[in-house]
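A short worksheet on the structure shown next.
The values are calculated or read from the model by the stated rules, or taken from the named source; none is laboratory data. What you see is a predicted model; the values in this text were computed from it and never measured. For neighbour counting, all protein chains shown are included, and Cβ atoms are generated from backbone atoms with ideal geometry for every residue, glycine included.
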Amino acid sequence: MEQKLTHINEDGDARMVDVSDKAETKRIAVATGFISMKKETYDTIVNGTAKKGDVLAAARIAGIMAAKKTSDLIPLCHPLALTKVEVKCTPEVKACGKHAKSGDGDSAADATAENNTFGIRVESTCALTGKTGVEIEAITATSIALVTIYDMCKAIDRGMIIENVQVLHKEGGKSGTWDFEQVR
């Protein structure tokens with residue numbers, strides 16, 4: 001079965017999809033992303049000593065605000081009455097191809113800085129009962145939380161890298177539940 005882009009009309013013009021005849025269902029989406037940084041920047045965030053204030057608290061609030069403003073930022077997104085937005089910011093150390101959450105006692109993660117990648121994992125969950133999904137809201141929340149971390153720490157580390165922003169899970173609607181499978 002050939003899939004087509006629903007936001008393109010028969011003349012090839014962009015349009016906002018009419019969802020008025022769709023059934024309302026519980027919709028949930030989870031997105032994630034990572035920002036890597038120098039160990040010194042990581043330590044500044046984890047220790048709460050950034051000059052601009054609590055980096056992770058600001059990132060969480062920015063992500064929540066962004067989810068609520070998604071339709072103002074993405075031209076063909078429907079304005080949605082979100083009933084849940086949760087943004088988690090978790091310090092992580094990537095060691096030898098694996099992730100170890102800060103302070104979990106993993107000896108590889110606690111090893112010297114030159115063998116590790118330090119950063120913050122952001123995971124955003126959005127939900128509502130409605131006629132269209134919330135994947136873009138979850139991606140937007142994650143992206144803006146990551147950009148906020150960059151903004152608050154750029155004076156000490158302009159080399160931070162935002163990476164792997166993606167949807168992990170969605171449920172609801174005609175297509176049902178979908179989970180990201182590592183295929184690459």
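Tabulated results
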read-out	value
Number of positions in segment 25-68 that are basic (Lys, Arg) and under 18 Å from Val167 (Cα atoms)	4
Condition check for Thr49: outside any loop (DSSP other than H, G, I, E, B), among the polar types (S, T, N, Q) and out of contact with any Pro (no Cβ under 8 Å at 6 or more places or on another chain)	no
Residue within segment 96-103 that is more than 20 Å from Ala57 (Cα to Cα) and at pLDDT 95 or above present	no
Residues within segment 79-96 that are in contact (Cβ under 8 Å) with a residue 24 or more places away in the chain and either out of contact with any strand residue (DSSP E or B) (no Cβ under 9 Å at 6 or more places or on another chain) or farther than 24 Å from Ser20 by Cβ (or both), tallied	10
Residue match in segment 34-41 (condition: modelled with pLDDT of 95 or more, closer than 18 Å to Ile139 by Cβ and either part of a helix (DSSP H, G or I) or hydroxyl-bearing (Ser, Thr, Tyr) (or both))	no
Top-ranked residue of segment 1-33 - restricted to ones that are among the polar types (S, T, N, Q) and part of a strand (DSSP E or B), ranked as farthest from Thr148 (Cα to Cα)	Thr25
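Yes/no per residue for (1) buried (at least 21 other Cβ atoms within 10 Å of the Cβ); (2) without any contact (Cβ under 8 Å) to a residue 12 or more places away in the chain; (3) under 17 Å from Gly133 (Cβ atoms):
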position	(1), (2), (3)
Val30	yes, no, yes
Lys52	no, no, no
Met65	no, no, no
Ile74	no, no, yes
Cys77	no, no, yes
